[in-house]
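The values are calculated or read from the model by the stated rules, or taken from the named source; none is laboratory data. Small disclaimer: the values here were computed from a predicted structure and weren't measured. Note: ideal-geometry Cβ built from the backbone for every residue, glycine included; neighbour counts use all protein chains shown. To get the accessible areas, we keep the full protein, side chains included, count just its heavy atoms, and leave off ligands, DNA and RNA. Shrake-Rupley method; radii C 1.70, N 1.55, O 1.52, S 1.80 Å.
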Amino acid sequence: MSAFNDIRDYVAIPRVLSLRLSPDGSRLISAVQSLNPDGKSFGTALWAIPVDGEPYRLTRSAKGEAAAEFTTAGDVLFTSSRPDLTVKDSSDEVPSLWLLPRAGGEARQVAARPGGVGAFRTVGDVVVFASDVLDGEEAAEEERRKARKDAGITAILHEGYPVRYWDHDLGPGRTRLFAARLGPDRLEDVRDLTPDAGEALRDASFELTPDGTTVITMWRVELPKGEHRIDLVAIDLATGERRTVLSEDRHEYTGPIAISPDGSKIACARERFTGLEISARIELWIADLATGQGRAYAPDLFPSAAEWAPDSSAVYVVADHQGRRPVFRVPLEGEPSRLTPDDAAYAGINVSADGRFVYALRSGVALAPAPSRIDVATGEITELPSPAPRPEVPGTLTEVSATADDGTTIRGWLVLPEGASAADPAPFLLWIHGGPVASWNDWQWRWQSWIMAAHGYAVLMPDPCLSTGYGQEMIDRGWGNWGPRTQADLDAIVEVTLARDDIDAERIAAMGGSYGGYMANWLAGHSDRYKAIVTHAALWNLDQFAGTTDASMYWQREFGEPGSERYALLSPHVSLDKITTPMLVIHGDKDYRVPIGEALRLWWDLRRSEVESKFLYFPDENHWILKPGNAVAWYETVLAFLSQHVLGQDWKRPDSVA
């Protein structure tokens, strides 16, 4: 029996979340998530991973730790909501900044703010951190927060957009950046760098220049009609003076942000505004930090992480590519080259000071994340001891491909359960990825195909149109044509897969979340081949969705103003009268990306149309369903629903749901 057979065992598997390399290259540090003793929540702890030794745990607290960074001296800075027992009346409700000495000993709190300490960066003795600040007099902020809480006030008056993001409400505080110096005991000379930031730093990424004199940060610029643009600005830490480094009409400059070791250049992502006929495009952009002059590099690579070579001659980038996510070396002069030849997906890259190695988290559809070392000269990959050993998957992974009706090659991963054969073909499950600009190429803690394989299903995870890693044309061909074009691609690769003798072509189902949920809804109204459909966090009425999501401007660029023709052509709800397939609807009430109204409307429409259906509702969850107990309920309900309609078994209500 594997950990995938019992879902409670699966959610208890520790998870390696991050990786940072020490300045001297002797060890890495990672945040590791694991199940808390109460079994109802996850907690995080920091682990050290020596490059030539065994991992060991660094921190233990009930509140957990995150966002770890090495100081130049080799100490570890991290954020945690643990209380500081040496400070009278210290609050444990918001995260503060802590330091763990390299020489050993107990961690100590070095900075706290009424609105908490968020992201931070450090160079030398300089620390820049983000904090949530109420408008008005900063000196009285703690008292004003307490008065608001004591009065039972939760109201927030907004004068801009958005008002919420993914799973949390925005305000009443707004993000500012603070600069400080790391003293013997605490941060000293703390200065507000951005008192006039307003909403400009909401969810901003930022980096320090190697000399510690300047912070480069994303800066949100408000535009007419609820739109905004992201520029990159440089802020002088000594004076607070701000200058714009990168700004362009109908383009945004965003993370990953990496500054060359010689301090002369910046690498980031440049993303164009989309439109009715303009598809999403993200490219690596490298510019002169002083003049802002730059250009695109490796235009077919959508960078998800970037780190400079020590001599500032090249940037190491990870980007989706043909169902993988390799590491690429992109030189300032010459052509990009692929560094990692395997099928893995890489993240959290760190380049050693001597330039010999790249350290990264290595994972894949069948491979849980763990630390690895890549030899830059040879591409040789060495697995490092991990604080969370990888679980063995219960089956095999193979690659499949098909030719769509327009001649495009559609590829995907096929997860096969143990024992699947011509004599005992496996029931089939089509699992459609979200995004839609994304790819099935990585280990999924949340959308775990191996749980389905452990229960006997073959799972197809295809990359249809709009998927990343196949060039701009793959995105262009599906832009503004979500349902029909994507279905044609899915139909092509499903046909090829069902022709295998180890797949049962009669017992098949489809499922997906977010955009994958949209496509599950679309298939329900445009195909009768599936015995069951599971739709999670799904778009149902596009016109309704585009005005209630947390980022309406993004969707309306592609679909137009409410009421336009494209909504009617592509909205799944228009085909309600064609739906006969049993459906399981799943949604979390705290999902602000795809608001709960989509599921409520879908559920009502299905009931009114007398379609056999069930609604799994999570009052306290967001887009993904993250709490351990709720994750168990999610998988058990999905499996029970599929067992009923795909395997022909009697419905058995899972014990995990009310």
Of Lys40/Lys652; Lys149/Lys225; Lys265/Lys590; Lys225/Lys265; Lys63/Lys146, which ones are farther than 29 Å apart at the Cα?
Lys149/Lys225; Lys265/Lys590; Lys225/Lys265
Along the positive direction of the dipole of the range 508-658 (beta-carbon charges: Lys, Arg +1; Asp, Glu -1; about the Cα centre), which of Tyr592, Pro654, Phe545 reaches farthest?
Pro654
If a/c stays under 1.5 just call it rounded; otherwise compare a/b with b/c (prolate if a/b is bigger, oblate if not). Do that for the range 605-658, with a ≥ b ≥ c from the square roots of the Cα gyration tensor eigenvalues.
oblate
Which whole-number percent is the relative contact order of the range 352-506 (Cα, under 8 Å, 6+ apart)?
23
Using a simple spin-label model with points 7 Å from Cα along the Cα→Cβ vector, what separation in nm is obtained for Ala62 and Ser337?
5.5
Could you work out how far apart the two model spin labels at Tyr554 and Asp135 are, taking each label as a point 7 Å from the Cα in the direction of the beta carbon, and quote it in nm?
2.6
Got a number for carbon plus sulfur as a percent of the chain's accessible area, 1.4 Å probe?
49
Roughly how far apart, in whole Å, are the Cα centres of the range 461-537 and the range 386-418?
15
First select every other residue whose beta carbon is under 15 angstrom from the beta carbon of Leu430; then total the charges, Lys and Arg +1, Asp and Glu -1.
-2
Computed FRET efficiency, Cβ-Cβ of Ser575 and Lys149, R0 45 Å: what is it to the nearest 0.05?
0.40
State whether the range 335-489 is rounded, prolate or oblate according to the following rule on the C-alpha gyration tensor (a ≥ b ≥ c being the square roots of its eigenvalues): a/c under 1.5 gives rounded; otherwise a/b larger than b/c gives prolate, and the remaining case gives oblate.
oblate
Given R₀ = 22 Å, FRET efficiency for Ser34-Glu93 by Cβ-Cβ distance, to 0.05?
0.45
Would you give the gap between the C-alpha center of the range 169-216 and the C-alpha center of the range 311-385, rounded to a whole Å?
31
Over the chain, the sum of -39500 (n - 2.57) across DSSP H runs of at least four, divided by residue number and rounded to 500 deg cm²/dmol, gives at 222 nm -4500 deg cm²/dmol
Calculated FRET efficiency for the pair Thr244/Trp604, C-beta based, R₀ 35 Å, to 0.05
0.10
Relative contact order for the chain using alpha-carbon pairs under 8 Å, separation at least 6, rounded to a whole percent?
9
For His228 and Glu54, calculate 0.36 nm times their separation in residues minus their Cα-Cα distance, and state this gained length in nm to one decimal.
57.9 nm
The chain: antiparallel bridges as % of DSSP beta bridges, rounded to 5, reads 85
Please determine, in degrees from 0 to 90 and to the nearest 10, the orientation of helix 596-608 with respect to the longest principal axis defined by the Cα atoms of the chain, where the helix direction is its Cα long axis.
10
Short to long, in 5 Å steps from zero, the percent of alpha-carbon pairs of the range 1-129 per bin is 2, 10, 19, 21, 19, 14, 8, 5, 2, 1, 0
Semi-axis lengths (Å, descending) of the ellipsoid that matches the C-alpha gyration tensor of the range 106-179:
25, 16, 12
Relative contact order in percent for the range 454-530 (Cα pairs under 8 Å, 6+ apart) equals 22
Rounded, prolate or oblate for the range 562-604? Axes are the square roots of the Cα gyration tensor eigenvalues, ordered a ≥ b ≥ c, and the cut-off for rounded is a/c under 1.5.
oblate
Heavy-atom accessible area per residue, the chain, 1.4 Å probe: how many Å²?
41
Taking Rh as the Kirkwood radius, which is the inverse of the mean 1/r over Cα pairs, what is the Rg/Rh value for the chain?
0.95
Taking a crude spin-label model, label points 7 Å out from Cα along the C-beta direction, the Glu106 to Arg272 distance in nm is 5.8
So how strong a dipole does the chain carry about its Cα centre when Lys and Arg Cβ are +1 and Asp and Glu Cβ are -1, to the nearest 20 debye?
820
